[in-house]
Structures are given as structure tokens and as C-alpha cells.
Amino acid sequence: MSVTMQKKAMQEDTKPAVISRRDGSFDVGVASIYGRVCADDLSVVNRVVQEFGLPGIRLSAARTMVVEGVPNDLADRVQQALGSACASVQYMISGCPGNDVCKRGALSTASMAQRLEKVLEDLGTMPAPVKCGLSGCPRCCGESVVRDVGLMGTGKKGWTVFFGGNAGRKIRAGDEVGRGLNDEQTIALASRLLAVYRAKARPRERTARFVERVGIAMIKRVVMRGPEHDD
Ligand code: SF4
């Protein structure tokens with residue numbers, strides 16, 4: 001399935017990322033994974049901004065692109081015109097450039113971001129939005145420790161995996177649930193953690209609150225056995 005088709009499929013059962021602003025207008029998120037927006041989507045965004053006479057675009061605090069200042073009476077039409085270029089609120093994957101770009105980087109974050117996206121696509125709808133942060137080394141520029149799922153490269157020692165972090169109103173450092181893992185082990189662990197979260201969390205319960213409620217020990221136990229073996 002192409003990236004565009006994947007995004008369309010995802011959008012059929014998820015809400016678009018629309019944020020209301022103080023002045024009554026809206027910001028509409030543009031689909032991007034790991035800070036990257038494809039050329040086709042950029043063309044669509046450019047056309048929509050010009051066609052509707054919108055103020056422009058900006059980068060959010062999480063470095064995702066948003067079409068800003070959409071008047072209330074145009075919000076639905078702008079979302080429709082953006083089509084698959086419109087972001088979903090279902091998940092966000094952000095991270096540092098990793099060792100493909102950064103001279104301090106130990107591991108590649110770009111390839112892992114793509115694999116993590118595939119995991120999230122395959123799992124489908126989550127109890128609440130999932131934010132993932134990837135960092136290519138322990139300097140942790142990708143803020144992996146305060147994301148729902150965080151991957152941090154530690155050189156030859158492999159990846160360290162965090163789960164249940166949050167940088168919102170009630171800040172929480174994610175629990176370290178894996179260390180010294182290779183790429184395959186890391187993606188497998190992230191996939192199992194998210195599957196447990198999907199199966200066990202309450203509606204709208206973020207991973208941080210989920211971990212606080214059930215305990216990281218229980219989550220680790222179910223991850224080892226599989227959610228189908230736990231009541
Ligand atoms: S976390 Fe490490 S690899 Fe990533 S940008 Fe920061 S210094 Fe570079």
C-alpha cells in the first residue's frame with residue numbers, strides 16, 4: 001500500500017488533527033512522519049493555502065507542519081481540500097536526525113521511524129493519541145523519555161526503549177523497558193507494548209496514566225506472555 005493510500009485508510013476511522021485557536025479560527029495539521037512531508041502533499045498544501053487565501057503555514061512545537069488561521073466557516077472545506085495531506089490525531093512520530101545527519105549520532109532514527117509507523121498503521125485505532133520520540137544518541141534531542149514510546153540509540157549497545165512518558169500537564173518520565181536491543185528486537189518490543197496498551201487501556205487513557213494505573217511490572221509481564229494470556 002502506498003503512503004498516500006495508507007494515510008487515506010487511516011483517516012477513514014480517525015479524526016483529522018484540527019486545533020482551535022484563541023481568535024476562533026483553526027489550525028489544521030499536515031500529515032508528516034518524523035518531520036518529513038512528501039512533495040505531493042506540499043503541493044496540495046500550497047494550492048489550498050492560496051485557493052482559500054489563508055495566512056500560511058507554520059511549524060508546531062513538535063515541529064509538525066500546520067495550515068494556520070483557517071476561518072471557522074472554511075474549516076470543513078479546507079480539510080476536504082487537503083485530503084490525504086491532512087494529518088490524523090491518531091499518532092505522531094518525531095525525532096532527531098540520527099546518525100544519517102548528526103555527527104554525534106550513534107544509530108539511524110529515520111529507518112526506525114518508518115518501521116514504527118508501520119507498526120502503528122498495522123495496529124490501528126489506539127485508546128488515545130500515541131506520540132513517539134526517537135533519538136540517535138543519549139543526548140536525547142528527540143525527547144524520547146517524555147514520549148509514549150521512546151527509542152534512544154546508545155551506540156554499540158543498541159537501543160534503549162522507554163514507555164509511558166508524557167510532557168504534558170502531568171509530566172512523567174517513561175519507564176525503561178528495554179536496553180541494548182538491536183533494530184528487530186526494538187521494533188518487536190515497541191509493537192508488543194503498543195498491542196498491550198491497545199488491548200488494556202481505557203478509552204482516551206494516555207500511556208502515562210495507563211502505566212500509573214496498572215503498573216509497569218504488569219505491562220512487562222503481559223508483553224512477555226502476550227495480551228491474549230492475561231485477564
Ligand atoms: S540526540 Fe544525538 S544524534 Fe540526535 S541530534 Fe542530538 S546529538 Fe545528534
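The values are calculated or read from the model by the stated rules, or taken from the named source; none is laboratory data. Computed from a predicted structure; not experimentally measured. Backbone-built Cβ (ideal geometry, glycine too); neighbour counts: all protein chains shown. Accessible surface areas use protein heavy atoms only, side chains included; no ligands, DNA or RNA. Shrake-Rupley method; radii C 1.70, N 1.55, O 1.52, S 1.80 Å.
Worth a mention:
- Residue list for the stretch 187-199, restricted to those being out of contact with any Gly (no Cβ under 7 Å at 6 or more places or on another chain) and open to solvent by less than 50 Å² (accessible area, probe 1.4 Å): Ile187, Ala188, Ala190, Ser191, Leu193, Leu194, Ala195, Val196, Tyr197
- With respect to the conditions (1) in contact (Cβ under 8 Å) with a residue 24 or more places away in the chain; (2) under 21 Å from Ala87 (Cβ atoms); (3) in a helix (DSSP H, G or I); (4) of a type outside the set (S, T, N, Q), Phe210 falls short on a single one, namely (2).
- If you go through the stretch 100-114 and keep only what is of a type in the set (S, T, N, Q), within 16 Å of the ligand (Cβ to nearest atom) and either outside the structural domain of Arg192 (by TED's automatic domain parsing) or part of a helix (DSSP H, G or I) (or both), you end up with Thr109, Ser111.
- Residue that is nearest to Leu189 (Cα to Cα), among those in the stretch 138-157 that are modelled with pLDDT of 95 or more and over 19 Å from the mean Cα position of the chain (by Cα): Pro138
- Candidates Pro97, Pro138 - the one that is open to solvent by 30 Å² or more (accessible area, probe 1.4 Å), out of contact with any strand residue (DSSP E or B) (no Cβ under 7 Å at 6 or more places or on another chain), touching a residue at least 12 places away in the same chain (Cβ under 8 Å) and within 16 Å of the ligand (Cβ to nearest atom): Pro97
- Selection within the stretch 169-195 - free of Cβ contacts under 8 Å to residues at least 12 places away in the same chain and more than 18 Å from Ser111 (Cβ to Cβ): Arg169
- Any hit, the stretch 115-131, residues being within 14 Å of the ligand (Cβ to nearest atom), open to solvent by less than 60 Å² (accessible area, probe 1.4 Å) and either among the hydrophobic types (A, V, I, L, M, F, W, C) or in contact (Cβ under 8 Å) with a residue 12 or more places away in the chain (or both): no
- Helices (runs of 4 or more DSSP H) within the stretch 1-91 that include 1 or more residues at pLDDT 85 or above and surrounded by 12 or more Cβ atoms within 10 Å (Cβ to Cβ): 39-51, 75-82
- Within the stretch 141-155, the residues that satisfy the criterion of being near the ligand (Cβ under 10 Å from one of its atoms) and either buried (at least 24 other Cβ atoms within 10 Å of the Cβ) or not assigned by TED's automatic domain parsing to the domain that holds Gly165 (or both) are Gly142, Ser144, Met152, Gly153.
- Taken over the stretch 117-143, the criterion of being of a type in the set (Asp, Glu) and either in contact with an Asp or Glu (Cβ under 7 Å, 6 or more places away or on another chain) or not in a loop (DSSP other than H, G, I, E, B) (or both) is satisfied by Glu117, Glu121, Asp122.
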